[in-house]
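Each remark here refers to the structure printed beneath this line.
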Amino acid sequence: MKKEYDLICVGMALVDSIIKGFDPKPVSASGYRAASGSLNVGGEAVNEAMAGVKLGLRTAILCGLGEDGAGDMVADALQRCGVDTSLIVRSADHPTPVTTMFVRDDGSRQSITNASHTYNFHPERYRGCFGKARALILGSLFRAPFDDVDVIRGVLSAAGEQGLLVIADTKLPNFRFLGLEDLRDLLPLIDYITPNEDEARYYSGRETPEEMARVFLDCGVKNVIVKLGAKGCYYRGTEGSISLPPCEIHAVDATGAGDNFVAGFACELLRGSGTEAALRFANACGAICTTAVGAATALKSREQVLDFLKSQ
Ligand SMILES: Nc1ncnc2c1ncn2[C@@H]1O[C@H](COP(=O)(O)OP(=O)(O)OP(=O)(O)O)[C@@H](O)[C@H]1O
Ligand SMILES: [Mg+2]
């Protein structure tokens, strides 16, 4: 039977309020100035779903949004990009998460999450739609809604029963703190886990990508990809180990590089590529993403990525 979707991205959808060039010197008793302030849609599931569409995948998002203006903004941006929004869960009881982000002149960021980011829309209750897809991306494990063992169990067991490929991206925890030990019986249900270097260090307690990956595998994960930012990526799992150097680009903003990487990896696996070819493609998607400001700006199409890989 032909599936309705290639990919469902499950997880965080939000609005980023981005403040650049914040001047900590007050101009009045309670007034401060910044160079700019803008709103951007974001969240891992949103970035991954948008990248999935651009790479040619039939992509849906399963996320929670409030019945508010921020929720409309996210839903609208997803629709305009071509993401199927019919699975979005909207609630008048929860505001759409809004992250406050301070970006310094050197590009480094401080982001502030709040209680709205703990919004658990219980994706396991919508497991009925999983059978319509070939793959799930969890964006992200260890953050709401995947900071609750019962939710993680519900989603992973339903995905396993229906034979979906499962890729779990990760984040550092913000409100609820789970570790690999808490998920020991569930980690074997994940096909690929894709922490960045900080996340891999945090959850494994190790310092090198090889050692970090080993800890994840020892906890039952089948395959680990450590995203290494400007250093490329490292894979370890059923295919042995693969280290890829970074693609050569001029990076201006790394926001969403990991999300574009994960979508690229899923895209190529779903097209039947092996692990190494999918990793090369993902490594290029992450690199391309960094060449423009914003998580959903630089990546345009699969052809673009293939041309870029040829030029490397
Ligand atoms: N400066 C860079 N040069 C080349 N490739 C890069 C660069 N930065 C990121 N990448 C590519 O993007 C991938 C993901 O980047 P990174 O490790 O920053 O993920 P991340 O921290 O999960 O990102 P985010 O959470 O912001 O989406 C890297 O593994 C690499 O392939
Ligand atoms: Mg990330």
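Region 71-144 and region 234-312 have Cα centres lying 22 Å from one another. Calculated FRET efficiency, residue 68 to residue 175, Cβ-Cβ distance, R0 = 22 Å: about 0.60 to the nearest 0.05.
To the nearest 0.05, how large is the calculated FRET efficiency for residue 157 and residue 303 if R₀ is 45 Å and r is the Cβ-Cβ distance? Let's see the in-between values first.
Numbers: r = 37 Å, r/R0 = 0.83.
About 0.75, to the nearest 0.05.
For region 154-193, the convex hull spanned by the alpha carbon atoms encloses 75 Å³ per residue. Taking every Cα-Cα distance in region 235-312 and sorting them into 5 Å bins starting at zero, the pair-distance distribution P(r) comes out as 3, 18, 27, 27, 16, 7, 2, 0 percent. Taking the helices alone, the chain has a mean residue ellipticity at 222 nm of -9500 deg cm²/dmol, built from -39,500 (n - 2.57) per DSSP H run of at least 4 residues and averaged over all its residues. Checking the cross-link pairs 132/310; 171/222; 222/310; 2/54; 171/231 against a 23 Å limit on the alpha carbon distance flags 132/310; 222/310 as lying beyond it. Shape analysis of the chain yields a ratio of the Cα radius of gyration to the Kirkwood radius, Rg/Rh, of 0.95.
Tally Lys and Arg at +1 and Asp and Glu at -1 over the other residues with C-beta under 13 Å from the C-beta of residue 206: what net charge comes out? Combined, the nearby Lys, Arg, Asp and Glu give -4. A Förster radius of 35 Å combined with the Cβ-Cβ distance from residue 291 to residue 112 puts the calculated FRET efficiency at roughly 0.85. Label sites at residue 207 and residue 92, each approximated as a point 7 angstrom past Cα along Cα to Cβ, lie 5.7 nm apart. Summing +1 for each Lys or Arg and -1 for each Asp or Glu among the other residues whose beta-carbon sits under 10 angstrom from that of residue 256 gives -4. When DSSP beta bridges are restricted to pairs lying wholly in the chain, around 40% turn out antiparallel. For region 67-150, a Kirkwood radius taken over Cα pairs fed into Stokes-Einstein (37 °C, viscosity 0.692 mPa s) yields D = 218 µm²/s.
Beta bridges from DSSP with both residues in region 58-188: antiparallel share about 30 percent, rounded to the nearest 5. Taking Cα centre as origin and charging only the Cβ of basic (Lys, Arg, +1) and acidic (Asp, Glu, -1) residues, the dipole magnitude of the chain rounds to 460 debye.
Each reported figure results from applying straightforward, stated rules to the coordinates on display, with no laboratory input. As the structure is a computational prediction, the values presented were derived from the model and not from experiment. Ideal geometry is used to build each Cβ from the backbone, glycine not excepted, and the neighbour counts take in all protein chains shown.
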